[in-house]
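Enquirer: Supplied in C-alpha cells, the structure appears directly below.
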Amino acid sequence: MNRRDALRKTALLAGSAAAAPTLLSLLQSCAKQDRLTWQPVFLNEDQARFISAFVDTILPKTETPGALDVKTDVFMDLVWAKTYNKEAQDKVVEDIEKFNADCKSTYGDVFANLSPEDKTACLKAAEASSPKFNPKVWGTAVGNQEPVGFYRSLKSMAMWGYFSSEEIGKNVLSYDPIPGEFLGCIPLSDVGNTWSL
C-alpha cells in the first residue's frame, strides 16, 4: 500500500467516526417519530397524530385490544368529516390547536411528542379541570347539562368509537347476536360481563 492510499483510508475512517454519532442520532430521531398508518379525511397529519396519541394514551393495548387496534382515531376523523358542519369542524381544529399549545407551554412539546409520563400528567390535569357529565337515569342526563369542554367531549367520543367497534363488541364485551328469552328476575352475579347488545 502506498502512502497516498493509506492517507485516503485514514481520512475516510476518521470522517466516518466523526459522522457516526450524527448519523446515529438521526436514526434514533426517525425511530421515535410516529408515522400515520392511515390517511385522514378531515384532520391534517399533525392533528391526526394528536388524536392517535390521545386515544392510545387513554385506551392503550393491554390483554385486550387498544384504541389504535380498533381504529378509534380513524373513526373519530370520519365522524368529524361526515357529520359535523363547517362551524363545528373549525371548532374541533381550534380546540386541538389550543390543547397542543397548552401542552407545549407546560411540557415543552405538542401532545403526540410527549413522553408517556408527560402524556399521563397532561391528561390527569385535563381530567381534573374539565366539567363533568351529569349523572344519568335510564340513559337520560339528570338536570341541565352544562358544556363539558373539549377534553371531556374528545374522551367521550373515543370511548364511543372504542366500545362500538366490532372487535370490542364481539370479543371483549358479552355478545349475543340473537337474544334469547327474557329473564326479568335473575341475580346480578348471573349477568356477568357488560353486554354490547
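Enquirer: Which ordering of Leu188, Leu59, Leu78 is given by a fewest-first count of other beta-carbon atoms within 10 Å?
Expert: Fewest-to-most Cβ neighbours within 10 Å comes out as Leu188, Leu78, Leu59.
Enquirer: Here is a follow-up. Just in the stretch 47-155: which GluC sites (Glu not before Pro) are loop by DSSP and have at most 15 other Cβ atoms within 10 Å?
Expert: Qualifying residues, ordered by number: Glu63.
Enquirer: List the residues of the stretch 33-65 whose backbone N lies under 15 Å from a point placed 7 Å from the Cα of Leu78 along the Cα-to-Cβ direction.
Expert: Within reach of a label on Leu78, which here means backbone N under 15 Å from a point 7 Å along Cα→Cβ, the stretch 33-65 contributes 38-43.
Enquirer: To continue, here is another question. To the nearest 20 debye, what charge dipole does the stretch 37-171 have about its Cα centre, counting +1 at the Cβ of each Lys and Arg and -1 at the Cβ of each Asp and Glu?
Expert: My answer is approximately 420 debye.
Enquirer: DSSP loop chymotrypsin sites (Phe, Trp or Tyr not before Pro) in the stretch 116-197 with at most 15 other Cβ atoms within 10 Å of their Cβ, which ones?
Expert: Phe133, Trp138, Tyr175, Phe182
Enquirer: Which of the aspartates and glutamates could be linked to Lys71 by a straight reach, that is with a Cα gap under 20 Å, when you skip same-chain ones fewer than 8 residues away?
Expert: Filter leaves Asp34, Glu45, Asp46, Asp56, Glu63, Glu166, Glu167.
Enquirer: If you don't mind, another one. Name the residue from Tyr151, Gly139, Ser129 whose Cα lies farthest towards the positive end of the charge dipole of the stretch 37-171, charges +1 on Cβ of Lys and Arg and -1 on Cβ of Asp and Glu.
Expert: Gly139
Enquirer: Here is a follow-up. Could you give the nm distance between label points at Leu183 and Thr106, where each point is 7 Å from its Cα heading toward the beta carbon?
Expert: Between Leu183 and Thr106, the label points sit 4.7 nm apart.
Enquirer: With 10 angstrom as the radius, rank Ser52, Ser189, Ser174 by how many other C-beta atoms surround their C-beta, starting from the fewest.
Expert: Lowest count first: Ser189, Ser174, Ser52.
Here, each number is a calculation from the coordinates, and none is a lab measurement. Since the model is a prediction, treat every value here as computed from it, not as a measurement. All Cβ positions, glycine included, derive from the backbone under ideal geometry; neighbour counts span all protein chains shown.
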